[in-house]
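Below is one structure; the comments refer to it alone.
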């Protein structure tokens, strides 16, 4: 199995700081799943409708993480309430 690399953008780091503490904790758990098993069911990973290269995974029922995937690298772009997905769906 290929090694997965996770890169955090400046935007993602800023978004993370603004997440409620409980969501930050869930986000860290989801990052472990992403690193160990990107197909883990709780991630519910899927392409953002209307885009070619933006994907999302669930942090929880209300929060999402937006990313791109290239050459075994996950570039985490943004995190926040589900409305963050809408921003990328327009791109």
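Tabulated results
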| item | result |
| --- | --- |
| Subset of region 58-67 (residues that are buried (at least 20 other Cβ atoms within 10 Å of the Cβ) and more than 14 Å from residue 86 (Cα to Cα)) | 59 |
| Considering residues of region 72-91 that are closer than 13 Å to residue 7 by Cα and at pLDDT 90 or above only, the residue surrounded by the fewest Cβ atoms within 10 Å (Cβ to Cβ) | 73 |
| Selection count where residues are exposed (fewer than 15 other Cβ atoms within 10 Å of the Cβ), over 11 Å from residue 60 (Cβ atoms) and either at pLDDT 95 or above or under 12 Å from the mean Cα position of the chain (by Cα) (or both), scope region 25-37 | 3 |
| Test: residue in region 45-55 that is part of a helix (DSSP H, G or I) and either exposed (fewer than 13 other Cβ atoms within 10 Å of the Cβ) or modelled with pLDDT of 95 or more (or both) | no |
| Residue in region 2-9 that is assigned to a helix (DSSP H, G or I), out of contact with any helix residue (DSSP H, G or I) (no Cβ under 8 Å at 6 or more places or on another chain) and either more than 19 Å from residue 82 (Cβ to Cβ) or touching a residue at least 24 places away in the same chain (Cβ under 8 Å) (or both) present | no |
| Yes/no for residue 64 being within 10 Å of the chain's Cα centre (by Cα), without any contact (Cβ under 8 Å) to a residue 24 or more places away in the chain and not in a helix (DSSP H, G or I) | yes |
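The values are calculated or read from the model by the stated rules, or taken from the named source; none is laboratory data. Owing to the predicted nature of the structure, the values given are computational and were not obtained by experimental measurement. Note that we place each Cβ from the backbone using ideal geometry, even for glycine, and neighbour counts take in every protein chain shown.
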